[in-house]
1. Within the range 535-554, can you find the residues that are modelled with pLDDT of 90 or more and within 30 Å of Pro512 (Cβ to Cβ)?
2. Which of the residues spanning the range 388-418 are surrounded by 21 or more Cβ atoms within 10 Å (Cβ to Cβ), under 16 Å from Ala442 (Cβ atoms) and out of contact with any Ser or Thr (no Cβ under 7 Å at 6 or more places or on another chain)?
3. Can you say whether Gln361 is surrounded by fewer than 14 Cβ atoms within 10 Å (Cβ to Cβ) and modelled with pLDDT under 95, as far as the supplied structure shows?
4. Starting from residues that are in contact (Cβ under 8 Å) with a residue 40 or more places away in the chain, under 33 Å from the mean Cα position of the chain (by Cα) and in a helix (DSSP H, G or I), keep the ones in the range 419-440 and report whichever is surrounded by the fewest Cβ atoms within 10 Å (Cβ to Cβ).
5. Restricting to strands (runs of 3 or more DSSP E) lying wholly in the range 110-156: which have 2 or more residues that are of a type outside the set (A, V, I, L, M, F, W, C) and closer than 18 Å to Gly64 by Cβ?
6. Scan the range 195-209 and report the pairs whose first residue is among the aromatic types (Phe, Trp, Tyr) and whose second residue is in a loop (DSSP other than H, G, I, E, B), with Cβ atoms within less than 8 Å and a gap of 6+ or a chain change.
7. If you go through the range 586-602 one residue at a time, how many are surrounded by 18 or more Cβ atoms within 10 Å (Cβ to Cβ) and within 17 Å of Arg417 (Cβ to Cβ)?
Amino acid sequence: MASPQAFQVDLHGVVDLFAHHLYSSPRVYLRELLQNAVDAITARRLDEPACPATVRLSGLEPDGLAVRDTGIGLAADEATDLLATIGRSSKRLDDLEAARGDYLGQFGIGLLSAFMVAERIELWSRSARDPEAPPIRWVGLADGTYTLEKVDLADYVAAVGDDGPGSVVWLRPRLDQAHWLSLETVRALAADFGSLLPFDVAIQVRLPDGEALWSRLTVPEPPWEAAYPSAADREDALTTYCARTLGFRPLASIPLSVPVVGLTGVAYVLPAAISPLAANTHRVYLKRMLVGVQVPGLLPPWAFFVRCVVNASALRPTASREALYEDDVLLATREALGGIVRDWVMRLLAEDSPLRRAFVQTHHLAIRSLALQDDDMFDLAASVLPYETTLGPMTLDEFHADQGCVRYTATLEDFRRVAPVARAQGLGIVNGGYVYDADLLARLERRRPSWQVRPLVATDVEATLAELTPSEELACLDFLLATREPAEDVGCEVCLRKFSPEILPALLLTDPEIEHQRALRRTRDEVGGVWGGLLDELAEPSAQRKLVLNCDNSTVRALVSSEVDEVRTAGVRSLYAMAQLMAGEPLRPREADLMNDALGTLLRRAAG
């Protein structure tokens, strides 16, 4: 028996590095073993293109695991050089360095990663490059020692089951990690990581009568590369694959192909709306080995409405092989995939169809996001994207054709403030308060100057309201004079008009410049001192909101006819607060206090 030797590495530190810093979960140990097996077969096929290409997974007692491959194997000198030194690949043969691009594993840590779940790793291997070399047996222990010895061919056959080249790795579990080596778990992990591998990967299953059978885990080719009798059959197969792997039935599927990096796959359009801030992650394979199911950075941020499943050969994984390395190749791939998705969207939106209507309804935010940075998409979006307007849902093309101009509010609060009155007067206003809309309308203003696109101002709405007759104005003069001071206390001026709907007692009119001046005055009052004086120079005292009282409303008529100043003051303050709340604008503490005082005054008056 050979004497124990020490690893050229602190094994406990390496395992801690793997488990807590490099890998997201111990589950990746099986991926590393599969990668070692596939790389070994790839190396052997350089010399023997027709060699067997099989990987077999079977259980050991108690709850151990054996992984057998028909790869290139190792002779004793290769094992001595490679199996005990971290950072050197167990596939590194000097005359194969030029073929490294064919290998999945690049970091020489695959075997040692198994110590995350195993306390003992035993490797039996026979070299295909040197059939006369004796097989070897390597045993590594979790205490950081290992043994390496040459064995007789008969012992190798007895242990492995045949005399062919290749390797078998036996894992004995750690007591606290035994569940990772159960065949049920191994089957699930192998199907997840290796179902698309180009070789025959199978796991041993035992029937109730004790008979052992091999169940294949791999498919001949990815479903998006397979041949189908018809386009409908292909779509059904891809939809079924999406439901099984991603958990949803897509609205549509988009073929993906970037030959320069050997990438093929499919992008699935999500069936429900999703936030633009949601993680944009995808299922990615490299050389048909799964990298991860939530890999970021594959598509541009605006393509958040699709989830991809792709296989590539020229992209680089990170050290953990659970994400993609951010380099120029990935950047070019991202742009190419974004172009494919963008062209699909353009073709879809160009012609009316049930799919287009469903896509626009579900993913209008994605169209808006892309339209902000793409002129062609912007022009197309103007004819297909619905906007909320005071005239009902309309596209920008339809709205301009009806109104001859495009007036819009930049916030949802501004739209709610004027919408009831504008709608009753037939004044068309576009709500630009939702995500991306204000930016798109501002871009429309620059891109189509002849359309007269501009933000709504208070005078636009005020011009549609009916003025009082001279005699009516004279009758209300005392009321206007009496309410001037209480109105100024809340930062507005009162005016009287007649408008529909009659049930609306008051309307608060403002515009961005007025709100800017109000913000300056509030900041001036809060900071005081030198900075307050500087802001005082910038503020314009004349910039005031307008509280428009509706003289067609019975409550307003009763208030105007009152001759009690206390009631007039309380009524104006109450109507101002009501107009704010109806516009969706919160009351500040001072305004809330004034409203409470006003309501108290009115209640005391009502109670006599």
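The values are calculated or read from the model by the stated rules, or taken from the named source; none is laboratory data. All figures in this text were calculated on a predicted structure; none of them were measured in a lab. We place every Cβ from the backbone using ideal geometry, glycine too, and count neighbours over all the protein chains shown.
1. Leu547, Val548, Leu549, Asn550, Cys551, Asp552, Asn553
2. Answer for the range 388-418, where residues must be surrounded by 21 or more Cβ atoms within 10 Å (Cβ to Cβ), under 16 Å from Ala442 (Cβ atoms) and out of contact with any Ser or Thr (no Cβ under 7 Å at 6 or more places or on another chain): Leu396, His400, Val406, Arg407, Tyr408, Thr409, Asp414.
3. Yes.
4. Step by step, filter the range 419-440, then rank; the result is Asp439.
5. Filter on the range 110-156 gives 118-126, 136-141.
6. Phe199/Ala53; Phe199/Thr218
7. 1
Residue-by-condition table, conditions (1) under 12 Å from Leu251 (Cβ atoms); (2) not in a helix (DSSP H, G or I):
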position	(1), (2)
Ala319	no, yes
Val329	no, no
Arg334	no, no
Gly338	no, no
Val341	no, no
Leu348	yes, no
Val360	yes, no
